[in-house]
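Visitor: Encoded as structure tokens, here's the structure I'll be asking about.
The values are calculated or read from the model by the stated rules, or taken from the named source; none is laboratory data. This structure is a prediction, so every number in the text was calculated from the model and none was measured. Glycine gets a Cβ as well: all are built from the backbone with ideal geometry, and neighbour counts include every protein chain shown.
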Amino acid sequence: MSEKIDATSDILPSGTITFYEACIPPLTAGDYQLTASQQPDIPNAAAPPAYSATQLLTVDGPRFTLQPTDVKMVYPPARQQGAYGETLPHIVLAQRDLPWSRALGGSQATATTPWLALLTVYPASESSLVTAPTQMTVAQVASPGQGIQGPVLGTLSQQTLAQQCLAIDMDTGLFTAIAPQLAELPFLAHARQVDTSAKETTGGVQEGFFSVVVGNRLPDSSSAEPRDSTVFLVSLEGQQDNLPGGSGFPSGVTKVRLVVLASWSFTTRQSAGDFIGLLQALPQRGGVRLLQMPHAEAETTLPEQTYAEQGLELGYVPLLDLSRSGEQTTSWYRGPLSPYPTTRDLGGPYATSDAAMQYDPEHGLFAMSWAAAWQIGRLLALADRSFAQGIIQWRRQAFFQQGQTQADTLLATRLEAPAGTSGPASRRSWHAGLVQGFLRERFGPVLREGVTVPLVTPRSKRLDPERLPGLVAGSRLAAARQAGEDPLQAIASQLFEETP
């Protein structure tokens, strides 16, 4: 029995994940009819009139196509090669309720039965039984022609029939062999909520709530040679009766046409061993010496040879180093895996990669391990779009606040209050009061009398210093400079003269 859970109110602790059998929307996609009726109770009325109204509405959603942002990730990764022979392909969708947003018919279908499924095809042996995804209209999907079974979609509008989508034609025998049964579909889709606070950018999905559709067929690993597999995310809407265990295809039908919403391919190769086995075999393969550069023991005990051998034993590798100034030298480098225990570097944090360089003055060599790690971390951070945007925004705010503080401090130390007036407690509120008072006294009566204020003022009047409050004529400022007066005091004096 399924239990209804309000997943939106749950706050996941860091590093946790919650699985849900299904995420069922309040209304699945489709056409609905709302009918309301009212029978008023009127005293002394033999037959009170009845009132009713009907409203048609449509709940829409993805049906024949998906946007690129609807697919969060696929696994195995597209166009990659690996030991995927024991992994069921699956796809992560950004919309949490997408697999259950449409009701799939059938006597065994329930609210948790998804309308999407993953079909895995082996191109090496089955390429002739399925076509490549082809762009066509929905009308061509619903009416594919003789010998091809299309989905039963009911009545569709002309706009929907003209919509473009991708579809494949698959041999009915192959479809029956690899497609899941109707009763199996609820086990091949689920919803999951994950904590995204420590993850990289999530493409706009901040709450970490996704839906997952899992395939029912393992990738092709029947040969020692690498084998390709192709996975199709198909719509089963209108095809539920053709699934294995259903009523089957009509007589004379040899192919089934399926709407493809997403597809990807990958290559499976034989695994050299599992993780535990590989670790247990490390001693037989050389143990920690696998983390050292192969080298022969020194034949002499010269200090230089002893020093070089010690560096190689510690996992360092001498590499060619081209400095920023163009100098060419040799420096030590060691990766994150070391054949010996290491101590934590307490010299950070570093502002630049050069600051993380370590120098051996006795032998005149640099160790670039920390500097390389710093630079790699910097590049990874800048490659994360959301992180880079956050850093840039933080720097802008920090520079603005720093500049504002310095400007306020500089003005406070160099500018004196206007002569004849006491400095206001708040310069900002003081200037705001002057402007508000001027607007209220000059334009308040005009606006109250309903006189229209001209929208355009002649340029000569608009630039007349004697008509604009607070604007001091250039001649007056020049005279103030020649007399040794403060120009700011002249501006303040004019403001007080014009303000009653």
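Visitor: How many residues, within the range 370-389, are under 13 Å from TYR316 (Cα atoms) and under 29 Å from the mean Cα position of the chain (by Cα)?
Guide: 0
Visitor: Report, by residue number, each residue of the range 303-323 that is loosely packed, with under 11 Cβ neighbours inside 10 Å and either at pLDDT below 80 or in contact with a Phe, Trp or Tyr (Cβ under 7 Å, 6 or more places away or on another chain) (or both).
Guide: Correct list: empty.
Visitor: Now a separate question. Looking only at the range 231-257, count how many residues are buried (at least 22 other Cβ atoms within 10 Å of the Cβ) and either of a type in the set (Ser, Thr, Tyr) or out of contact with any helix residue (DSSP H, G or I) (no Cβ under 8 Å at 6 or more places or on another chain) (or both).
Guide: Of the residues in the range 231-257, 6 are buried (at least 22 other Cβ atoms within 10 Å of the Cβ) and either of a type in the set (Ser, Thr, Tyr) or out of contact with any helix residue (DSSP H, G or I) (no Cβ under 8 Å at 6 or more places or on another chain) (or both).
Visitor: For the range 209-224, enumerate the residues that are assigned to a loop (DSSP other than H, G, I, E, B), in contact with a Lys or Arg (Cβ under 8 Å, 6 or more places away or on another chain) and surrounded by fewer than 21 Cβ atoms within 10 Å (Cβ to Cβ).
Guide: Matches in the range 209-224: SER221 only.
Visitor: Are any residues in the range 33-60 touching a residue at least 24 places away in the same chain (Cβ under 8 Å) and assigned to a loop (DSSP other than H, G, I, E, B), and if so, which ones?
Guide: ASP60
Visitor: Sticking with this one: Search the range 351-369 for residues being within 33 Å of the chain's Cα centre (by Cα) and surrounded by 15 or more Cβ atoms within 10 Å (Cβ to Cβ), and hand back the single one that is nearest to GLU304 (Cα to Cα).
Guide: SER369
Visitor: OK, next. What are the residues in the range 61-104 that are in a loop (DSSP other than H, G, I, E, B) and of a type in the set (S, T, N, Q), if any?
Guide: The answer is THR65, GLN67, GLN80, THR87, GLN95, SER101.
Visitor: What tally of residues in the range 357-408 results from selecting those that are of a type in the set (Gly, Ala, Ser) and under 19 Å from TYR333 (Cα atoms)?
Guide: Of the residues in that region, 7 qualify.
Visitor: Follow-up question, since we're still on this one. Considering only the range 173-190, I want to know if a residue exists there that is under 29 Å from the mean Cα position of the chain (by Cα), part of a strand (DSSP E or B), assigned by TED's automatic domain parsing to the domain that holds GLY248 and in contact (Cβ under 8 Å) with a residue 24 or more places away in the chain.
Guide: Yes: one or more hits.
Visitor: Related question: Would you point out which residue out of ALA162, ALA189 is in contact with a strand residue (DSSP E or B) (Cβ under 9 Å, 6 or more places away or on another chain) and surrounded by 17 or more Cβ atoms within 10 Å (Cβ to Cβ)?
Guide: ALA189
Visitor: Next question, about the same structure. So, in the range 106-138, of the ones that are surrounded by 15 or more Cβ atoms within 10 Å (Cβ to Cβ) and of a type in the set (Gly, Ala, Ser), which residue ends up farthest from VAL213 (Cα to Cα)?
Guide: The residue in question is GLY106.
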